[in-house]
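Down below is the structure, laid out as structure tokens.
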Amino acid sequence: MWMLYAIGSSFFAGITAILAKIGLRNVNSNLATALRTIVVLLFSWLMVFIVGSASEIKDISVKTFIFLILSGLSTGASWLCYFKALRLGDVNKVTPIDKSSTVLTMILALIFLGEKLTAVKIIGMVLIGTGTFLMIEKKKTDNSSADKRSGASLVYAMFSAVFAALTSIFGKIGIEDVESNLGTAIRTVVVLLMAWILVFAEKKQSEIRGIDKKSWLFLVLSGFTTGGSWLCYYKALQDGLASVVVPIDKLSIVVSIVFSYFVFKEKLTPKSFTGLVLIIAGTLIMLV
């Protein structure tokens, strides 16, 4: 069952990138992240009360709370970087870099969780790493400001990948002794606080009045898909191996790129397509 949850997480995560990209067009990325997180928070706590795990919060150990908070902080940092990158760049450029966190997660899982790296997994990591490298193409235009935005989007995507890898490790440790929905809900509180602190620090809260109905719609929808992805992901992470759950989740890149082609008309170059094939091959190899 945990593999099915991981697949569900992958699908919802892939849709999230598309919905968020549309919602971000006329909204500050940090403000958009803060608003989306409200939806995720409501969604996650609703699930807590549905499964009846709210009363378990008093039984959570200090260690678990610490790692849930650390996971929330790294998630918040990853989100802020990821949606900033999406606002500045193309989905089919940003998503592959973000998903490269698979390789770093597996290395960290080896070091901190004791999950072994087999020869097959090492081959998969090499393929994913090579594929990601091939897909990192800085968008060249005749506009210098557009070139800078494209380059900045790649940097933000790289930071997103680093924080996403840390999230997986902290999350795995943090949900070992807590019901997965409750763990997700607690983490979301941390992300929400982090996002709004940054919004107020940048004094962007006044821009809420200027958000149009279309942006609101897609930001809310992306919040729901994020919530669905999270609930599936951490349920899978609780029951399964981080080194297997994470690669399945990262197959959301396929969903994102397919939808980006139809929605945004973003096309892959032969080099990028080769990179995508390698990433998919590397991910599938690690599931054998």
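From the residues in segment 224-237 that are open to solvent by less than 40 Å² (accessible area, probe 1.4 Å) and not hydrophobic (A, V, I, L, M, F, W, C), which one is nearest to residue 53 (Cα to Cα)?
Looking at the filtered set, the residue picked out is 234.
One residue alone among 107, 111, 123, 128 is over 30 Å from residue 271 (Cβ atoms) and hydrophobic (A, V, I, L, M, F, W, C), and that residue is 111. Of the residues 36, 87, which is farther than 23 Å from residue 232 by Cβ and either of a type in the set (Phe, Trp, Tyr) or in contact with a helix residue (DSSP H, G or I) (Cβ under 9 Å, 6 or more places away or on another chain) (or both)? Testing whether each residue is farther than 23 Å from residue 232 by Cβ and either of a type in the set (Phe, Trp, Tyr) or in contact with a helix residue (DSSP H, G or I) (Cβ under 9 Å, 6 or more places away or on another chain) (or both) leaves just 87. Evaluated against (1) of a type in the set (Asp, Glu); (2) under 22 Å from residue 188 (Cα atoms); (3) touching a Lys or Arg at 6+ places or on another chain (Cβ under 7 Å), residue 98 falls short on exactly one condition, (3).
Collect the residues in segment 119-136 that are closer than 16 Å to residue 109 by Cα and either open to solvent by less than 60 Å² (accessible area, probe 1.4 Å) or within 19 Å of the chain's Cα centre (by Cα) (or both), keeping them in residue-number order. Of everything in segment 119-136, those that are closer than 16 Å to residue 109 by Cα and either open to solvent by less than 60 Å² (accessible area, probe 1.4 Å) or within 19 Å of the chain's Cα centre (by Cα) (or both) turn out to be 121, 124, 125.
Output the residues belonging to segment 177-218 that are outside any helix (DSSP H, G or I) and surrounded by 14 or more Cβ atoms within 10 Å (Cβ to Cβ). Steps first, answer last, please.
Just the residues of segment 177-218 that are outside any helix (DSSP H, G or I), to begin with: 177-179, 203-204, 211-212.
177, 178, 179, 204, 211 - these are the residues of segment 177-218 that are outside any helix (DSSP H, G or I) and surrounded by 14 or more Cβ atoms within 10 Å (Cβ to Cβ).
Residue check, residue 243 against (1) among the hydroxyl-bearing types (Ser, Thr, Tyr); (2) open to solvent by less than 30 Å² (accessible area, probe 1.4 Å); (3) farther than 20 Å from residue 107 by Cβ, all met but one. Which one? The failed condition is (3).
Tell me the residue from 141, 188, 118, 130 that is over 21 Å from residue 77 (Cβ atoms) and modelled with pLDDT of 90 or more, please.
Values: 141 fails: modelled with pLDDT of 90 or more; 188 fails: over 21 Å from residue 77 (Cβ atoms); 118 fails: modelled with pLDDT of 90 or more.
So the residue among 141, 188, 118, 130 that is over 21 Å from residue 77 (Cβ atoms) and modelled with pLDDT of 90 or more is 130.
Confirm whether residue 221 is surrounded by 15 or more Cβ atoms within 10 Å (Cβ to Cβ), part of a helix (DSSP H, G or I) and more than 18 Å from the chain's Cα centre (by Cα). When the stated conditions are applied, residue 221 does not pass them. Residues that are open to solvent by less than 70 Å² (accessible area, probe 1.4 Å) and at pLDDT 90 or above were ranked within segment 42-51; the one that is nearest to residue 176 (Cα to Cα) is 48.
Could you tell me whether any residue of segment 137-147 is open to solvent by less than 10 Å² (accessible area, probe 1.4 Å) and assigned to a helix (DSSP H, G or I)? Give the derivation first.
First, the residues of segment 137-147 that are open to solvent by less than 10 Å² (accessible area, probe 1.4 Å): none.
Within segment 137-147 (the criterion being open to solvent by less than 10 Å² (accessible area, probe 1.4 Å) and assigned to a helix (DSSP H, G or I)), the answer is no, since none of the residues qualifies.
Residues checked against (1) assigned to a helix (DSSP H, G or I); (2) within 26 Å of residue 106 (Cα to Cα); (3) among the polar types (S, T, N, Q); (4) in contact with a Phe, Trp or Tyr (Cβ under 6 Å, 6 or more places away or on another chain):
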| position | (1), (2), (3), (4) |
| --- | --- |
| 230 | yes, yes, no, no |
| 234 | yes, yes, no, no |
| 237 | yes, yes, no, no |
| 247 | yes, yes, no, no |
| 254 | yes, yes, no, no |
| 260 | yes, no, yes, no |
| 263 | yes, no, no, no |
| 266 | no, no, no, no |
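Looking at residue 9, is it crowded, with 24+ Cβ neighbours inside 10 Å, in contact (Cβ under 8 Å) with a residue 60 or more places away in the chain and over 24 Å from residue 204 (Cβ atoms)? First the steps, then the outcome.
Numbers: crowded, with 24+ Cβ neighbours inside 10 Å: yes; in contact (Cβ under 8 Å) with a residue 60 or more places away in the chain: yes; over 24 Å from residue 204 (Cβ atoms): yes.
Yes: the conditions hold for residue 9.
Checked against the criterion of being modelled with pLDDT under 85, open to solvent by less than 50 Å² (accessible area, probe 1.4 Å) and of a type in the set (Gly, Ala, Ser), the candidates 71, 78, 100 yield just one match: 100.
I'd like the full set of residues that are closer than 30 Å to residue 5 by Cβ and among the hydrophobic types (A, V, I, L, M, F, W, C), limited to segment 204-230. Write out each step before concluding.
Within segment 204-230, the first condition is being closer than 30 Å to residue 5 by Cβ, and the residues that meet it are 216-230.
Correct list: 216, 217, 218, 219, 220, 221, 224, 230.
The values are calculated or read from the model by the stated rules, or taken from the named source; none is laboratory data. Being a predicted model, the structure only gives us computed values, none of them experimental. Backbone-built Cβ (ideal geometry, glycine too); neighbour counts: all protein chains shown. When the accessible area is computed, the model is the full protein with side chains, heavy atoms only, and any ligands, DNA or RNA have been set aside. Shrake-Rupley method; radii C 1.70, N 1.55, O 1.52, S 1.80 Å.
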